[in-house]
There are 4 protein chains.
Amino acid sequence: MSKKIQVTVWNEFWHEQHQDNIKAVYPEGIHQVIANHLQKQPDMEVRTATLYDPEHGLPDEVIERTDVLIWWSHLKHGEVPDDLVDKMYRRVIAGMGTIFLHSSAGSKLFKRLMGTAGGHKWREAHEKERLWVLKTGHPIVDGVPEYFELPEEEMYGEYWDIPEPDELILASWFEGGEIFRSGITYTRGRGRLFYFRPGHEEYPSYYNGNVLKIIENATRWTAPLASPPDVTSGNVRSIEPIDGFVRDGRGNRVE
Amino acid sequence: MSKKIQVTVWNEFWHEQHQDNIKAVYPEGIHQVIANHLQKQPDMEVRTATLYDPEHGLPDEVIERTDVLIWWSHLKHGEVPDDLVDKMYRRVIAGMGTIFLHSSAGSKLFKRLMGTAGGHKWREAHEKERLWVLKTGHPIVDGVPEYFELPEEEMYGEYWDIPEPDELILASWFEGGEIFRSGITYTRGRGRLFYFRPGHEEYPSYYNGNVLKIIENATRWTAPLASPPDVTSGNVRSIEPIDGFVRDGRGNRVE
Amino acid sequence: MSKKIQVTVWNEFWHEQHQDNIKAVYPEGIHQVIANHLQKQPDMEVRTATLYDPEHGLPDEVIERTDVLIWWSHLKHGEVPDDLVDKMYRRVIAGMGTIFLHSSAGSKLFKRLMGTAGGHKWREAHEKERLWVLKTGHPIVDGVPEYFELPEEEMYGEYWDIPEPDELILASWFEGGEIFRSGITYTRGRGRLFYFRPGHEEYPSYYNGNVLKIIENATRWTAPLASPPDVTSGNVRSIEPIDGFVRDGRGNRVE
Amino acid sequence: MSKKIQVTVWNEFWHEQHQDNIKAVYPEGIHQVIANHLQKQPDMEVRTATLYDPEHGLPDEVIERTDVLIWWSHLKHGEVPDDLVDKMYRRVIAGMGTIFLHSSAGSKLFKRLMGTAGGHKWREAHEKERLWVLKTGHPIVDGVPEYFELPEEEMYGEYWDIPEPDELILASWFEGGEIFRSGITYTRGRGRLFYFRPGHEEYPSYYNGNVLKIIENATRWTAPLASPPDVTSGNVRSIEPIDGFVRDGRGNRVE
């Protein structure tokens, strides 16, 4: 446990640079607010990256050493190159943890990992969101109350076309009448994944202590194993004898 | 329930036409053996289709009227055109049931629906497979004993890189020492999906009564709802008042 | 499929006989309103039973021939005798379907099947409930819209101390700010179970078409298999040779 | 995280005191072998307790301060008093982690937490068991290979009558032809639970490095949260106005 978790917080970083009302909320970008919190954790080493950095902030060596990738994107999903998505995808399958925030449900990587179309309802009406904990023994909600409120948020509403989550940890009540599965986990390959709904760019949700605590907990929860099982795939020799003899992958006797 | 389930059994149909030992087992093709069984069911109307049929046997009107698509492919996954995969994918999300057999775990459609790399072990050594029922109350195993054996099969072995199944209904013991999750379900959109492991082309597994019974049951289980919930996606008006007024999807008061 | 599903609708039937405001809503009892709907289904044969019937309406022969037991209880959970609970429990494990309605979450049978304490929030404040469908391909919501409303209901709120459901099919939004997992399934032994939240005795929820449709669908969904796998338990002989010989359950060679 | 996990390893401790062949394998008892390994972990503080200790080794203050209870019982399930089971049950719901080993699936506490009858097959024939990892990204299998073998074990075989596990982490292949879900998790209340199959008293399975590593990992995985959500149950005031006013749990306007 002495090795620190290598965290990369990636942000599209378009809204904060081009829209004054967003810049007012997140002058250094959403990524920086999240990174500021995680950098205080003694077990984490945090870097940030954005769409507008060279190689989108994700050259191979950064992808390779990232234990947990936190992702925020919205308008510019399409500008993330397919080959970069391929690289990240392979790292997820190999064990990299991922935390997808808010509109990142529409990102290429999330959609590829889900295999569903992903539609849901949404509304931008400054409405109240209340997040309820549905798994009170889960590490991702350690230190969080049984519910907490965000006074203004964008609404996301069911039905959300996703695969059945491995775990449903938080769900939201919205003022306008909808509900949403707001904190869910999946496993893909060895990679552990957490989706967390809040975080429309107009609102200061990423300054909320409970939101930050959940992202912090999820970073630890999605972090890769120190020494995961080595997996063999493809054509293999038998372990036990078959019809009297150990056999190779084509059925031939191995003397 | 008066409307019959419209079933399409699709087969790559290469092995049976090009390899004498396979032709000897399935002279009319794997698809025909499965179709022969399903055609006896009074609640099913069955057609077959293969890679070598015009439009691969899947013109738009066939895809549209198919309730349940049964799929077998192996060597020729890559020859199924991407736009055909797109069409089938959209039908799955809209509610078409799918049954993926054996090596079809490597098909483009299955991989897209899973979102994982899908590797597993395999061996062709004429070994015994024993399938155990793990959910004794599930309709897919109605009429099936607690276990049954296939005297010779190809082995598929764990670890299999798939998303956590919604349900694990059958698992296999192999003579050579491995195990496998052999009967599993998923939901993608409204579509219900069953993967079933047995069925290497060299062996007469599709003549086995338990194998056929499971495919028959799974056809009913994956069949679409008569009248599924209509789902609204995208930008929506509020149902309840927000800050005193019903609002449209951008937050404006709706008089 | 020609055999009709044998349904028993059981009701505590205290409120409707002792409280005028409840009698006004359900003059013949909640059980009768549900039975009236199910009796119209050509594939169901329906009887009713109440706490105040001889043997509580559940003599052995009724329990034995019941395929699906629908249960409503509230104030009188404790008056259901333990040996009757034992009998019902054994029938569930053997395959009888169960539908637990509303306050029946507090019944002896439900608690025994869950293994948790079961606490949740509640409030009687004539508030609006909106039920959202979370699994749009599930047979239990066939013919139901993506959401529906009950204008006045008792509120049940999270956190609800239950085991992780096998399936979460519906969840509720409440006017007062809470949410609840309102339509959930479990399997216990061979028995399939559906819990459905609505139905406080003061309100006409069981006359609602969607509520009735869901109970009707769940009756079919929880019905036992025609021919479930026969399961062997206890000390068994080996199927394969162990150290060269088939062995009995104590390791002795079987000739 | 500086507080050590308080572990109590409980053992029936009858076989090791009354049967010479078992005493030869575990002269100080199964509990001591497990405790010896856990005591080497810098983050754990370990005590042991047995059926034959005063108050069965579990006076109230021990139960109260136990974070994770590891349990082995077999012949003497019935001698654990019901009121002790009640106390442990309440601690589980409140968050105590539990690890149930081998025949402890028949213990009063496990059965109460499951709500099922629990039957399965078994055989004592000195046969080989091979445990396969099915979730390669799960912390419980950190440091464990993709499979490992126990040269001689008692067989447990499916169908095992348990609720659907939250997670299926390991499954066993047995020489005699059966399979078993050998490493599974559940949540009950706030309490996280791991069942782990190996460990018949005749065999030295608890000296196996992989078995010990899994128990060690599971101890960390089942340990309670530092600060779990505080949950309110029962009759509650509304959070939002209902029909214009915040209401108490009976619907009355609050000032």
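A few notes on this one:
- Residues satisfying the stated conditions in the range A:1-54, i.e. in contact with a Lys or Arg (Cβ under 8 Å, 6 or more places away or on another chain) and assigned to a strand (DSSP E or B): A:Ile5, A:Gln6, A:Val7, A:Thr8, A:Val9, A:Met44, A:Glu45
- The set of residues in the range B:96-125 being out of contact with any Phe, Trp or Tyr (no Cβ under 6 Å at 6 or more places or on another chain), among the hydroxyl-bearing types (Ser, Thr, Tyr) and within 20 Å of A:Ser233 (Cα to Cα) consists of B:Ser103, B:Ser107, B:Thr116.
- Restricted to the range C:136-156, and to residues there that are within 7 Å of another protein chain (Cβ to nearest Cβ) and either of a type in the set (Gly, Ala, Ser) or in a strand (DSSP E or B) (or both), the residue that is farthest from C:Gly209 (Cα to Cα) is C:Gly137.
- The set of residues from the range C:157-183 being in a loop (DSSP other than H, G, I, E, B) and either farther than 22 Å from C:Lys111 by Cβ or of a type outside the set (A, V, I, L, M, F, W, C) (or both) comprises C:Glu158, C:Tyr159, C:Asp161, C:Pro163, C:Glu164, C:Pro165, C:Asp166, C:Glu175, C:Gly176, C:Gly177, C:Glu178.
- Number of the condition not met by A:Lys128 [criteria: (1) farther than 20 Å from B:Ser233 by Cβ; (2) in contact with a Ser or Thr (Cβ under 9 Å, 6 or more places away or on another chain); (3) charged (D, E, K, R); (4) within 14 Å of chain B (Cβ to nearest Cβ)]: (2)
- Residue match in the range D:9-16 (condition: at pLDDT 95 or above and either over 22 Å from D:Leu109 (Cβ atoms) or among the hydroxyl-bearing types (Ser, Thr, Tyr) (or both)): no
- Subset of the range B:95-118 [in contact with a strand residue (DSSP E or B) (Cβ under 7 Å, 6 or more places away or on another chain) and over 23 Å from B:Glu154 (Cα atoms)]: B:Gly95, B:Met96, B:Gly97, B:Leu113, B:Gly115
- Candidates in the range A:165-189 are the residues that are touching a helix residue (DSSP H, G or I) at 6+ places or on another chain (Cβ under 6 Å) and within 9 Å of chain B (Cβ to nearest Cβ); of these, the one that is nearest to C:Arg181 (Cα to Cα) is A:Arg188.
- Take the conditions (1) facing another protein chain (nearest Cβ under 10 Å); (2) more than 30 Å from A:Arg130 (Cβ to Cβ); (3) more than 15 Å from the chain's Cα centre (by Cα); C:Val133 misses just one of them, which is (2).
- If the condition is being within 8 Å of chain A (Cβ to nearest Cβ) and more than 15 Å from A:Glu158 (Cα to Cα), then the range B:206-239 contributes no residue at all.
- Some residue of the range D:157-165 being at pLDDT 95 or above, farther than 30 Å from B:Leu150 by Cβ and either surrounded by fewer than 23 Cβ atoms within 10 Å (Cβ to Cβ) or not hydrophobic (A, V, I, L, M, F, W, C) (or both): no
- Among the residues making up the range C:155-188, those that are under 16 Å from A:Glu167 (Cα atoms) and among the hydroxyl-bearing types (Ser, Thr, Tyr) are C:Tyr159, C:Thr185, C:Tyr186.
- B:Gly244 meets the conditions (1) more than 8 Å from chain A (Cβ to nearest Cβ); (2) on the phi < 0 side of the Ramachandran plot in every case but one. The failed one is (2).
- Pairing residues of the range D:172-201 that are touching a residue at least 60 places away in the same chain (Cβ under 8 Å) and on the phi > 0 side of the Ramachandran plot with residues that are surrounded by 23 or more Cβ atoms within 10 Å (Cβ to Cβ) and assigned to a strand (DSSP E or B), at Cβ distances under 6 Å and at least 6 apart in sequence or on separate chains, gives D:Gly199/D:Leu101.
- The listed residues are B:His37, B:His15, B:His31, and the only one of them that is touching a residue at least 40 places away in the same chain (Cβ under 8 Å), closer than 24 Å to B:Thr185 by Cα and out of contact with any strand residue (DSSP E or B) (no Cβ under 7 Å at 6 or more places or on another chain) turns out to be B:His37.
- Residue that is nearest to the other protein chains (Cβ to nearest Cβ) [pool: residues in the range C:111-125 that are surrounded by fewer than 23 Cβ atoms within 10 Å (Cβ to Cβ) and part of a helix (DSSP H, G or I)]: C:Arg112
- Scan of the range A:190-227 for residues that are part of a loop (DSSP other than H, G, I, E, B), in contact with a helix residue (DSSP H, G or I) (Cβ under 9 Å, 6 or more places away or on another chain) and over 20 Å from D:Gly137 (Cα atoms), ordered by number: A:Arg197, A:Pro198, A:Gly199, A:His200, A:Glu201, A:Glu202, A:Tyr203, A:Pro204
The values are calculated or read from the model by the stated rules, or taken from the named source; none is laboratory data. If you're wondering where the values come from, they're calculated on a predicted model, not measured in any experiment. Ideal geometry is used to build each Cβ from the backbone, glycine not excepted, and the neighbour counts take in all protein chains shown.
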